[in-house]
Structure formats: structure tokens, C-alpha cells
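For reference, the structure discussed in these notes is given below.
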Amino acid sequence: MATRDEIERVRDATDLAALIGEFVALQPRGREHVGLCPFHDDSRPSFAVVTHKGSAFYKCHACGAAGDCFRFVQEHLGKDFGEALRFLAERAGVELTRGVDPAQEQAASRKAWLRKALDAGQAHFQRQLADDAGGRDARAAIASRGIAPAMVEAFGIGSAGEGWSTLKDELASDELPVRVLVAAGLLKQREDERTWDAFRHRLIFPITDETGRPIAFGGRILSEGEEPKYLNSCEHDLFHKSRTLYGLHLARRSIMSTGLAVVAEGYTDVIACHQAGFSNVVATLGTSLTEQHARALSRLCQTTVLLFDGDEAGQRAAARAIPIVLGQDIDVRICVLPEDVDPDTLLRQQDGQEAFRQALDSAVDAFEFLLLRLERDMEEANGMSARQKATEAFISMMGDFGIHKAAPLRRAMVTSRLAELAGVAPAVIADLLERRPSPAQPAGDARFDGPESEVEIAPALRRAELDLLGIAIHTQRVDIAGLCDGPAMADPAARRIAEALQRASRSDAPLTVQTLLECLADETDRKLASDLYFDGQRLLEASEGDADQTIARCCDALDRCRRRIDSRQRMADWKASAGSDPQAAAKVIEHLKGMGPRAGAMPRPAGQ
């Protein structure tokens, strides 16, 4: 395993705000950076990146996600710790002298085997493209589409050979078994275990993750008449169509800088757009736009244009895609190109770039697009009954796919426009929309409400314990040993965090929020610990930065809570021993008034 020193060198060399900023649009706010959380369906910036006071960690105030650079790479990019360490080390230019044995890691990790196979597959396809004979047809197809060499390199375009086992013959070995090539979608296998290349005689488009590494492949036929025209890899641990957007690793920076994402329908459309200077274009992978796609884009920009071909199929695809994104906090617009024209064809025409730009500028709001289609259907309807059915079908669709999630003003505008088309009062439409049941919230989309106390603890005592921990995390000036060796924390979560603070303070690494979070295995405890950092910051700000005064106040508050609870317990004990004798109960009260605290006082900074 890597040494602690190596881990800390990589951590110190990583600019966390810059790292996260490659995947999430962040804006500076005071001493922090904020943006939409990449770990839940965030509708307002609740995600903070803290990089001051010797700490560098992220924290979502809505879902509780928290961690350092390693955890972000593990959770957002789906890597294990060893992979995250090497990824960040390479990114920061830090050379690791020790590491995990690659052979052992591959034997233990299915994902590592898949990545090895996919990397080997991409190299194979690129070698095939460069081969004089094997890549001839693919190079001709590239030339006929006017794809520049720079785009071939940027998108990693390759070629699959004509043979049934070209890839297998080159790649299958003891280091890369056939079963791994099958799992990665590079080979197909029958029940009798006979295998053949999944891609034969096709132009190959690598499908990558957000870092640019291949996770799957798409292939377009090179011989007309073969079916299917386009073929994608099967899904596996690293590849899920509903979450993946083609070209996102190349388009991300442009999307964030322009605040606009354009979603096309195919690989060649994306490549043609990037070649023409429209580098904020991505594509879905043979599926309609999903909520996961829309959520990923909403973290990068405020506006998404869905781009569709001008035929009727394109119109229907646009109508299907819109309801998916109605509930996302993003402005969705629809651009339908002229009939029989796709982006690749349009951009290769004379003045094609200007025509394409004008088409994007004329994109209409998603609701407006649906209403225009409804208006067309109403005009074509024969009779009142047909118009009624068209209106009811539209209302049903709106109810099923998210009108209740839309902003109130937008919902009112849709209601007014729909009432105008139907020739009824807006109140009638509003009533019909209200009667539609809202879709049930998915179980996995529930908001985190915070941990409940594991035992009955006075709220004031729990708050006092947590406040002191917050100051300890934020200032590192509280006697950490005293937190654990003195009177025990009454709240179990506070006790676990105090013990983790003690472990972190004893390690070789500096005591920071990152090292504290590493010492906490439970997600609830991690959320609470990161919350306490911000609580400590607010307490300090209330005292105008006087750390000693803040610590003293927290210690005094905790001591008072402990004395109060201790006195109540002693009163209960004395009452129990005195029984029902009123005179004995009176003596208990008089006795307690003169007693000092039994609980030990909290340790304070030197001089307090």
C-alpha cells in the first residue's frame, strides 16, 4: 500500500476546488466555492468546497455528502482508493514510489479488469485504423464525412477488422482472459462458450467516462446493408447508457463557460459540431434523454438545447424527451432542424455554421414546443370531442411527467396558454391539473433529515457537546485528550466524533477535517462532523474571531448542562430514597441548593 507520506503529498498537491470544478460548475462565495451537488438531485447550490484554514474538503448541506479529494474521485468517478490515488498523483505530477501491486489489484477488482480490457480494446481499434489494409474502409468513411485528423485523435476514433476473431486473436491471453473480454463487451459468447468479436468491420467510437477513459464502444457499419447501423457495447459495471453522454469529457469546459449544453442524437453529429467550433455539444447513446442525463447537465449549466432532426421521427423524439426534464432545475429548449437535415449535413453545407447557429438561437422553450404541437393537433381535430380528447391527453401527460415540479410562474403560463387553446377559463385547466396525482417520489430521492439521537439526551446537552466539538474541529485548540479522558460525551455520535478526533490527532498527518473524516466510517457521523466544522465557524464569527472566548463559552455551557442534569439525577435519587415523606423531600431540596457540581469541568485552553 502507499505510505501516509505519499497520500499526504498527493492531497497537498491537489487543488480541490480546481478538481471538483472540472465536473461541477462552482462559483466563489466568500472564502468558499459553491455549486449544485453532484451526489443528489440538487435544485439550488447546496454544495460547498472549503479550501482555507489548512483544510480542503467538500460538504453538501442538503444530502450530507462530505469528503476530501480522494473520496470525491472514488464516489463521483466510481474508482477505488488505489485508483483514486494514482489518478490524482498523475494529475498533480506526483510520482508514487510505492503502490498496490497491479496484479493483485486486478485479481481483486472486477472494475480494474474491465478497465484493462477496455484500454486494450481502444488501443487495438486505433491500431486497426492505422493498418494499411485493415483500416482502409474506415479511413475512407472518415474522409467521406470530412472528419479532420484532429477530431479523430481527440475522440479516439478507431476501426474494427472484418474477421470474426481479429480482436480476440490479438488480445486474449493469460493476462487478459476471454471471460474479461466478454464481460467488457468486446466479445460475444454463445451458450456453448464459442466466442466472436462483438464489433466487425465498423467505424469505432470510444465512449468514455468523465475523465476521458473508455468505458464502452459504439460502432457504425462500413458496408451498407448490414444491420444494425449503429451498435453499442453491452452495459456492465462501468457503463450505463442512462447515465452516459457521449463527448462530455471534451464538452464539459465549454458547457460551463457558455452556460449552455446542446444534446444531439449521434456520435457523428457531436464530432461535426466540435469540428465546426460548437464544442458544447454531447449526445445520448441510442436512448432518450434521461433524468440522470438532465441532472448531470444541470450541474454544469443553466440551459440545455435538445437538438433533433427535422423529420417527424425527430419531432416525436423531442416530444418524448421533454417530460423527462420538466422536473429538473434547468431551462430546456428544443431545436428542430429543417426537414431531412441533421447537424452533420447542415454544418457541411455552405454557410452551414451560421445556419446552425441561427437554428440554436431560434430554439423554443420546451413547454412552448409542446403547446405548439398541441395547437397543431387542435387545428387538425374534427369536432369538439376530438379537441376535448387532445386537451385531456395533454393534461394527463403534464400531470404524469412533472408539471407539479415546475416553477409557479411557468405553471401559470402553461395553464393560461392551454386554456386559450381549449377555449375554456384558466381555472378549469388549473383544476384539472390539480386533480392529477403527483408521481410518487422515488425511494432513493428522499432528503436526508439528519440523525436522531440514539438515546434520550437533553437537547441542550447534546447541543453543548456538539458546539464544543465544532470549535475543536475548527480551531484545533481544545484539549482533544480531555474530550475523551474526562467526562464521557453523553451523545453517542458526539462520543464517536471525539474519539475520532483523538485518533486523528495522534496520526502522523496534520489534524484537518480530511484526516478526521478518514477516521469516521459511518456516513451519518461523517455528515455530522462536516456540519460541525461550519457550526464552529459560525460560533467563531459570533465572537468576532476570539477563539479563547468562544472555547470558554462552549465549555461553560457544557458544564452548566452537565451540572443541571446531574442535579436532576441526584434529586431523583434522593426522592426515591426518601419515599413519600414530605419532610424528607424538603430536606432534599435544601441539600441540593448547597451542593456543588459532581460532574467534572471541561478542559479549557491555557490561561482560562
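The values are calculated or read from the model by the stated rules, or taken from the named source; none is laboratory data. Please read these numbers as outputs of a predicted model, since none were measured by experiment. Positions of Cβ are backbone-derived with ideal geometry, glycine not excepted, and every protein chain shown enters the neighbour counts.
Brief remarks follow.
- When segment 146-163 is limited to residues that are modelled with pLDDT under 95 and more than 18 Å from residue 270 (Cα to Cα), the one that is surrounded by the fewest Cβ atoms within 10 Å (Cβ to Cβ) turns out to be 163.
- Qualifying residue in segment 283-295 (condition: at pLDDT 90 or above, in the same structural domain as residue 332 (by TED's automatic domain parsing), out of contact with any Lys or Arg (no Cβ under 7 Å at 6 or more places or on another chain) and not charged (D, E, K, R)): yes
- Taken over segment 264-301, the residue count meeting the criterion of being surrounded by 22 or more Cβ atoms within 10 Å (Cβ to Cβ), under 19 Å from residue 22 (Cα atoms) and among the hydroxyl-bearing types (Ser, Thr, Tyr) is 1.
- The set of residues in segment 262-280 being of a type in the set (A, V, I, L, M, F, W, C) and in contact with a Gly (Cβ under 7 Å, 6 or more places away or on another chain) consists of 270 alone.
- Within segment 9-29, the set of residues being assigned to a loop (DSSP other than H, G, I, E, B), out of contact with any helix residue (DSSP H, G or I) (no Cβ under 8 Å at 6 or more places or on another chain) and without any contact (Cβ under 8 Å) to a residue 60 or more places away in the chain comprises just one member, 15.
- Complete set of residues in segment 1-28 that are over 21 Å from the mean Cα position of the chain (by Cα), of a type in the set (D, E, K, R) and more than 13 Å from residue 56 (Cβ to Cβ): 4, 5, 6, 9
- Residues satisfying the criterion are absent from segment 93-114 (criterion: within 13 Å of the chain's Cα centre (by Cα), of a type in the set (A, V, I, L, M, F, W, C) and modelled with pLDDT of 85 or more).
- Residue selected from segment 65-92 under the condition of a type outside the set (Asp, Glu) and not in a helix (DSSP H, G or I), by the criterion modelled with the lowest pLDDT: 78
- Number of positions in segment 142-161 that are over 14 Å from residue 127 (Cβ atoms) and not in a helix (DSSP H, G or I): 4
- Residue check, residue 524 without any contact (Cβ under 8 Å) to a residue 12 or more places away in the chain and surrounded by 15 or more Cβ atoms within 10 Å (Cβ to Cβ): no
Results for (1) part of a loop (DSSP other than H, G, I, E, B); (2) closer than 23 Å to residue 126 by Cα, shown as yes or no for each residue.
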{"residue": "220", "(1), (2)": "no, yes"}
{"residue": "224", "(1), (2)": "yes, yes"}
{"residue": "231", "(1), (2)": "no, yes"}
{"residue": "242", "(1), (2)": "no, no"}
{"residue": "251", "(1), (2)": "no, yes"}
{"residue": "255", "(1), (2)": "no, no"}
{"residue": "263", "(1), (2)": "no, no"}
{"residue": "270", "(1), (2)": "no, yes"}
{"residue": "273", "(1), (2)": "no, yes"}
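- Residue ID - nearest to residue 288 (Cα to Cα), chosen from residues in segment 224-252 that are of a type outside the set (Asp, Glu) and in contact (Cβ under 8 Å) with a residue 60 or more places away in the chain: 247
- Residue 299 in contact with a Gly (Cβ under 8 Å, 6 or more places away or on another chain) and charged (D, E, K, R): yes
- If you check 423, 402, 450 for being modelled with pLDDT of 70 or more and on the phi > 0 side of the Ramachandran plot, only one passes: 423.
- Among residues of segment 346-359, those that are assigned to a helix (DSSP H, G or I), of a type outside the set (Gly, Ala, Ser) and surrounded by fewer than 17 Cβ atoms within 10 Å (Cβ to Cβ), counted: 4
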